[in-house]
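Step one of this worksheet: look at the structure below.
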Amino acid sequence: MLAAIVAFACGAIMLVAVGASPIDGFRELVSGAFGGGDQLAQTANRATPLLLVGAGIAVAFRASVVNIGGEGQIIAGALLAAATAQAVPDLPSILLIPVVLVAGIVGGGIWGAIPGALKAYASVNEILSTIMMNLVAIQVMNYLLRGPMIDPFEVENGTRIPQTERLSENAHLPILVDGTRLHLGVLIAVIAAIAAYVILWRTPLGFRLRAVGHSPEAARAAGIPVKRSVVSALAISGALAGLAGAILVFGSEAHRMGTDGSSAGFTGSAGFNGIVAALFGALHPLWTIPSSFLFGGLLTGATQLQRALQVPSALAIALNGIVVVFVVSSERVRDRINSVMNARREFDETPSATPDSAHPADDTDGAAPLEAGGASP
Amino acid sequence: MSEFFTASVLVATIASAIRLATPYLFAALGEAIGQRSGVLNLGVDGVMLLSAFGSYYTVLKTDNLWFGVAVGMGIGVVMGVIYAVVTVSFHAQQGISGIGIFLFGLGFSDLLFQEQVGTPKPISKLPKIEIPLLSDIPHIGEMLFRHTLMTYIAFLLVPVVTYMLMRTTFGLNIRAVGENPEAADSLGVSVARTRYATIIIGNLFAGIAGTSLVLGLGIFQNNLTNGQGFIAVALVYFGAWRPVGIMGGALLYGLVSATVLQWKVLDIIPTSASDLAAMAPALLTIIVLVVVANRVHAPAALTRDFDR
């Protein structure tokens, strides 16, 4: 809470710094985000990728894996989903929608599994490798959207805007509430977050992931395949981000995928903002739901701010950075993260298998007040 | 391909490799000092962006390059103090708070740029300094002795940082704190003060890296660094935490980037594949991390918080 207040204050300072009145600024921000049905629908739509990425980050984190590769995984999922829709545009909606969503899951899953395997089998720091996978994904996207996947019309016309054609109508995500832009993707994201929670706390796979997150040593002693669990954690995390990518394409008004050369141009930095949402949701998939809605609101509010007061919406990204810093500085989240990080160090050190070099992780799981259903299986 | 292997093209490529290596070298040397004391700073890219914008804006308004350099350095120091307070005094987890700093830098530099400048306007660049006599040596002179002051300083810092780390009391303290903070503390070395110092120096270097980047290009745009700060972090692993190794890595990256640029100019890479060629640094980093992982010994207390 303190983190939110301080971040609020920083937001005010930034508004003053760019020459806008903070009171007007916050009024536009709040009314732009939550001021009516349209705004709420828009906020929910913007929250969707944050929730999926955030839930994925929460899953990875429980296995003591840090996934900074949301951007790349969103792009990979979106590319595979868009390519699938280009390949089989004539499938009926009832088939095509699930098919493109699964394509997104697969694309993002693969993009997550690669750094997972690199960490598990080659001891490559996944924070660095996921960031590098982001940079690779951006170039793959630029290449595909400027070349093989480009709208044939753009080539004919000579305009060559790097984007696909308007993708098959049959793949469009249906609108949930008439007259708004609220689409099925929102519902899918909420279900996916609940599923992430169920997987983590109600299935053997989730038990393995959390065991590895607590103490790789103990997990290995108990016969849990630690390396494979690390790969699964990043693959699941990436799959959720990839699903977000598919939803970004088929839930958008344009119903196409385009690039401005950067990752943010397509993802709206959801891969990074999802980290913020997950941290603010105390790295719990269910708490990430309201937290994503809040940050979705910040994003739509920032768009309104840009429209009304000409304050660039990059403000939201800067504000998110501050929120991250304050949230990780706050005691509760710090304890949670530190216990996981100690387990990480244990994982890194296990090849040498010296018991005294390991730092036993404290079990802070049950002690965290924000834990909604953190019961052991 | 044959047109690439002519003396003049190769000399130009190597000269531009050295130029492109400069920001990497500054940022990675700073990061290495921090990591030697057990602090991982993932905010480098954000600090580079903030300093790059600060320098750009100052030069745009005052047309005084040295004023721009000073502003870039000042921003680095300020960000260093912030990061030190957050990670050392508030004990925040280093990896994630660094990502927070990165996001802040990415967003805030873009915000200020759009608000204050809008469309990219070119500024004057740092002048090339030709070293008397040496710059007249055929080929070698053009490759090594016609660079900006920033480039000379970056490479001079390699022996300076090595000496500082290995031969001074301060360097000994840094390494002690990075290997075994408890032992260092029991011998009367202040872990917090040492880490404050290394973090501030590291961020100062990151700031200079951003400044040298923007004053080398003469233009600013959103996300100017495009991940260079993260690659600099990887370079520290590549160089096994030793300045000379880091210099080798920075030169390798400079060479890869310069070669890709040169090949684009010479049409060796078709335009359609230029996006794929732009992946080279990131792919190289992943390969390097795979090769380096487990082969070298990281500071034992890296990313470990210390609380008396």
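Under the condition of being part of a loop (DSSP other than H, G, I, E, B) and out of contact with any helix residue (DSSP H, G or I) (no Cβ under 6 Å at 6 or more places or on another chain), which residue from segment B:184-229 is surrounded by the fewest Cβ atoms within 10 Å (Cβ to Cβ)?
Ranking the qualifying residues of segment B:184-229, first place goes to B:Gly188.
Restricting the first residue to segment A:7-19 and requiring it to be more than 14 Å from A:Leu298 (Cα to Cα) and small (Gly, Ala, Ser), which pairs with a second residue that is assigned to a helix (DSSP H, G or I) and modelled with pLDDT of 80 or more meet a Cβ separation below 8 Å and a spacing of at least six or different chains?
Matching pairs, first to second residue: A:Ala17/B:Leu112; A:Gly19/B:Glu115.
Take residues that are within 14 Å of another protein chain (Cβ to nearest Cβ), free of Cβ contacts under 8 Å to residues at least 60 places away in the same chain and surrounded by fewer than 24 Cβ atoms within 10 Å (Cβ to Cβ) and tell me which of the helices (runs of 4 or more DSSP H) falling wholly in segment A:207-290 contain 1 or more.
Passing ranges, in order: A:264-267.
Do you know which of the residues in segment A:127-140 that are more than 14 Å from A:Val65 (Cβ to Cβ) and more than 7 Å from chain B (Cβ to nearest Cβ) is farthest from the chain's Cα centre (by Cα)?
Going through the qualifying residues, I end up with A:Val140.
Specify the residue that is nearest to the other protein chains (Cβ to nearest Cβ); the eligible residues are those in segment B:82-109 that are surrounded by fewer than 22 Cβ atoms within 10 Å (Cβ to Cβ) and not in a helix (DSSP H, G or I).
Checked segment B:82-109; the qualifying residue nearest to the other protein chains (Cβ to nearest Cβ) is B:Phe90.
Within segment B:125-132, identify whether any single residue is under 18 Å from the mean Cα position of the chain (by Cα), surrounded by 18 or more Cβ atoms within 10 Å (Cβ to Cβ) and assigned to a loop (DSSP other than H, G, I, E, B), and answer yes or no.
Yes: segment B:125-132 contains one or more residues that are under 18 Å from the mean Cα position of the chain (by Cα), surrounded by 18 or more Cβ atoms within 10 Å (Cβ to Cβ) and assigned to a loop (DSSP other than H, G, I, E, B).
Quick check on this structure: which one of B:Val189, B:Val236 is β-branched (Val, Ile, Thr) and in contact (Cβ under 8 Å) with a residue 24 or more places away in the chain?
B:Val236 is the lone residue from the list that is β-branched (Val, Ile, Thr) and in contact (Cβ under 8 Å) with a residue 24 or more places away in the chain.
Can you tell me which residue within segment B:230-242, out of those that are within 12 Å of the chain's Cα centre (by Cα) and farther than 14 Å from B:Thr22 by Cβ, is surrounded by the fewest Cβ atoms within 10 Å (Cβ to Cβ)?
B:Phe230
Suppose we filter B:Pro270, B:Pro299, B:Pro281 for residues that are out of contact with any helix residue (DSSP H, G or I) (no Cβ under 8 Å at 6 or more places or on another chain) and either under 30 Å from A:Gly265 (Cβ atoms) or away from chain A (no Cβ under 12 Å) (or both); which single one remains?
Just a single option satisfies the conditions, and that option is B:Pro270.
Those residues that are surrounded by 19 or more Cβ atoms within 10 Å (Cβ to Cβ), in a helix (DSSP H, G or I) and either within 12 Å of chain B (Cβ to nearest Cβ) or of a type in the set (D, E, K, R) (or both), I need them from segment A:141-184; list them, please.
A:Met141, A:Asn142, A:Tyr143, A:Leu144, A:Leu145, A:Arg146
Can you find a residue in segment A:106-126 that is within 12 Å of chain B (Cβ to nearest Cβ), assigned to a helix (DSSP H, G or I) and among the β-branched types (Val, Ile, Thr)?
Within segment A:106-126 (the criterion being within 12 Å of chain B (Cβ to nearest Cβ), assigned to a helix (DSSP H, G or I) and among the β-branched types (Val, Ile, Thr)), the answer is yes, since at least one residue qualifies.
Could you check how many residues of segment B:284-296 are more than 7 Å from every other protein chain (Cβ to nearest Cβ) and outside any helix (DSSP H, G or I)?
Qualifying residue count for the region: 2.
In segment B:243-269, which residues are buried (at least 20 other Cβ atoms within 10 Å of the Cβ) and of a type in the set (Lys, Arg)?
none
Of the conditions (1) surrounded by fewer than 18 Cβ atoms within 10 Å (Cβ to Cβ); (2) in a helix (DSSP H, G or I), A:Asp90 clears all except one; give me its number.
Exception for A:Asp90: condition (2).
The values are calculated or read from the model by the stated rules, or taken from the named source; none is laboratory data. Just so you know, these numbers come straight off a predicted model, no measurement behind them. Backbone-built Cβ (ideal geometry, glycine too); neighbour counts: all protein chains shown.
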